[in-house]
Amino acid sequence: MCFLMKKLIVYISILLVAALMALGWARTESHEGQEINPKEIIFEHLGDAYGWELPFNHDIRLPLPIIIRAEDGSWHCFSSSCVAHGAVHDGRFAIGDEASGYNGKVIELRPDGSVYRPLDFSITKNVAALFVTVIVVASVFLSLARYYRRNGMKAPRKFKGAMEFLVDFIYGGIVKPTLKDKAPKFAPYLMTVFMFIFVANLLGLVVIFPGGANLTGNIAITLVLALFTFFMTNVFGTKHYWKDVFWPDVPLWLKFPLPIMPVIEVFGVFTKPAALTVRLFANMMGGHMIVIVLTLLIFIFAAMNVWVGGVTSVVSVLFSVFMLLIDVLVSFIQAFVFTMLSTLFISLAQEGGHEE
Amino acid sequence: MELFTPEFGLIFWMFVSFAILFFILARFAWPWILKSIDERARMIDEGVEKTRQAEESLANAKLTAERYEKEAVARQAEILREADRMKTQIIEEARGQASVEAKKVLEAAQLSIEQMRKEAQARMRDEVSALAIDIATKVVRQQMADDESQSKLVNSLLDEISNN
């Protein structure tokens, strides 16, 4: 008991010292520049960017390639450092500000002063994080597959064993019991979806490069994932599934002459992927946002008063750690839920009728 | 609001990257991994079932072995008893046979002894009769040396005959 108390006191004093140190740094930071703008910082962290912020310095960014198609139809590829800090590349490309309506995006300045948003295929921070995720997932599972090819039925140990456990948890826990004999057909897609979301979520929680991108908290990513599920569900849907959509088993007056149920069913076909999109996006973005807000509280209160800032930093750090731990859980749960719902939607479209 | 408007470039890259990831993993990773996991699970299930069956048959085998053992012990006892009985019987038989044989031998011996005795008796009698005749001859010859005695004998013999 006494030993525990001693330990607790040591931890608390370390936290306090760290908080005070952070406080001094925060004060100098906030006094150096202009007033901190929480909204800008939050949206910068949640959104996309043309460079990748490196740890310990706000100004140095890892330059990433910008690939755009200009208004005249020509393609341009240049480093993001060419347009950093308000610089104009090639006399016409720059990063838009709020006044232009394209805040933080590459814009083309027309000679008459108006702006044009070029077709943008840039390797942004999110695209780079996407590549990192794809490479991590591919290398982990290709090496696991190689292990099985070499060792046959031998059970893998350590990291590969953990990956096998994860695979078995999803495959044996959701995919196989739900899809039964159809499982081998759809399992590759569902497993890929789960692993991709899970790894992307976790990499997003790693605060510094090569993590920290809010990838699964970006609606474009979740939209594409949901579209893949939509595609898988409807392209491989059975005749019975389509009959259930357009001519469901309900009393006749519900579908003729006013097609109430068919309209609802068709609507449902599209709300399913929409729900998938928004659920994953909102959960992951929310998690990132809370952690950033809690961290920003330190800087906001530090600008007010030293002692208020000191207390806030201890509380904020504790809360951020707690929230990050929750986010680790949420990372898994959201990947799990997305996969589970995808499996469910696909299996509903695979039903062969009521005779079974 | 920019958070809720999907960026076309990101959609494009996401589509391309995810499609590539999916095709690579679907072609080279998942079939192997899932097949191995399925097969291992099947093997473990079968193994458990086999173990259960093996345990069952082992228990059965133990029971059978015990039964055989008991039977064997019983048979052994029976065989031993039988052997004992046979031994006694053989000894008895042998003893009986031996006594019969001995009797036979004894009888034969007695017979031969008897025969020999008879032979000896006969020979002795022959010899004695020969000797008696000899002696009688000698006595007769001595007594019948004179005529008077000869006639006396003839008379006495004749008397005997006439008296009869």
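Every number in this text was worked out from the coordinates using simple rules, so none of it is lab data. No experiment lies behind these values; they were computed from the predicted model shown. Note: ideal-geometry Cβ built from the backbone for every residue, glycine included; neighbour counts use all protein chains shown.
Placing R0 at 35 angstrom, the Cβ-Cβ distance between A:Phe319 and A:Glu98 gives a FRET efficiency of 0.70 after rounding to 0.05.
Direction-averaged projected area, Cα convex hull, segment A:86-225: 12.2 nm², rounded to one decimal.
Placing a label point 7 Å from the Cα of B:Leu3 along the Cα-to-Cβ line, the residues of segment A:266-300 whose backbone N sits under 15 Å from it are A:278-296.
Between B:Asp126 and A:Lys185, the simple label model (points 7 Å from Cα in the Cβ direction) yields a spacing of 13.3 nm.
In a solvent-free Debye calculation with one equal scatterer on each Cα, what is log10 I(q)/I(0) for the protein assembly as shown at q = 0.09, 0.12, 0.13 Å⁻¹, listed in the order of the q values? Relative scattering, expressed as log10 I(q)/I(0), comes to -0.90, -1.24, -1.32. When Rg and the Kirkwood radius Rh are both evaluated on Cα atoms of segment B:39-152, their ratio Rg/Rh stands at 1.93. Straight-distance candidates among the aspartates and glutamates for linking to A:Lys239, with alpha-carbon spacing under 13 Å and chain neighbours fewer than 8 residues away dropped: A:Glu351. Each residue of segment B:147-164 is assigned a 3J(HN,Hα), and the resulting list reads 6, 4, 4, 5, 5, 4, 5, 5, 4, 4, 4, 5, 4, 4, 4, 5, 5, 6 Hz, derived from the Karplus form 6.51 cos²θ - 1.76 cosθ + 1.60 (θ = phi - 60°), x at Gly and Pro.
For segment A:300-356 and segment B:1-70, what is the separation of their Cα centres, given in Å? Rounded to whole Å, the Cα centres lie 29 Å apart. For chain A, modelled as a Gaussian network with Cα springs under 10 Å, which listed residue fluctuates most, A:Leu215, A:Leu258, A:Leu280? Comparing A:Leu215, A:Leu258, A:Leu280 in the GNM, the peak value goes to A:Leu258. Which of the lysines could a cross-linker bridge to B:Lys70, judged by Cα under 28 Å and excluding same-chain residues fewer than eight apart? Hits, sequence-local ones excluded: B:Lys62, B:Lys87. Relative to the longest principal Cα axis of chain A, at what angle does helix A:2-32 sit, 0 to 90 degrees, rounded to 10? In chain A, helix A:2-32 runs at an angle near 70 degrees to the longest axis. Between A:Gly287, A:Gly51, A:Gly96, the GNM of chain A built on Cα springs shorter than 10 angstrom shows A:Gly96 fluctuating the most.
Over 29 Å between Cα atoms: which of A:Lys182/A:Lys243; A:Lys160/A:Lys185; A:Lys180/A:Lys243; A:Lys105/A:Lys272; A:Lys125/A:Lys182; A:Lys158/A:Lys272 fall into that group? From A:Lys182/A:Lys243; A:Lys160/A:Lys185; A:Lys180/A:Lys243; A:Lys105/A:Lys272; A:Lys125/A:Lys182; A:Lys158/A:Lys272, over 29 Å: A:Lys105/A:Lys272; A:Lys125/A:Lys182; A:Lys158/A:Lys272.
In deg cm²/dmol and to the nearest 500, what is the mean residue ellipticity at 222 nm of chain A if only DSSP H runs of at least 4 residues count, each as -39500 (n - 2.57), divided by the residue total?
Values: 10 runs with 218 residues, N = 356.
Only helices count here, giving -21500 deg cm²/dmol.
Do any trypsin sites (Lys or Arg not before Pro) in segment A:118-159 lie in a loop, going by DSSP, with at most 11 other beta-carbon atoms within 10 Å of their beta carbon, and if so which?
Numbers: sites: A:Lys125, A:Arg146, A:Arg149, A:Arg150, A:Lys154, A:Arg157, A:Lys158; in loops: A:Lys154, A:Arg157.
Here the trypsin sites (Lys or Arg not before Pro) that fit, given the DSSP loop and packing criteria, are A:Lys154, A:Arg157.
Straight-line reach from B:Lys118: taking Cα to Cα under 27 Å and skipping same-chain neighbours fewer than 8 places apart, the lysines in range are B:Lys103, B:Lys104.
With a 10 Å radius around each residue's Cβ, average the other Cβ atoms per peptide and rank B:105-111, B:30-36, highest first. Please report the intermediate quantities before stating the final value.
Working: B:105-111: 10.1, B:30-36: 20.6.
Result, highest mean first: B:30-36, B:105-111.
Once both labels are positioned 7 Å from their Cα atoms along Cα-to-Cβ, the gap between A:Val235 and B:Glu114 label points is 12.9 nm.
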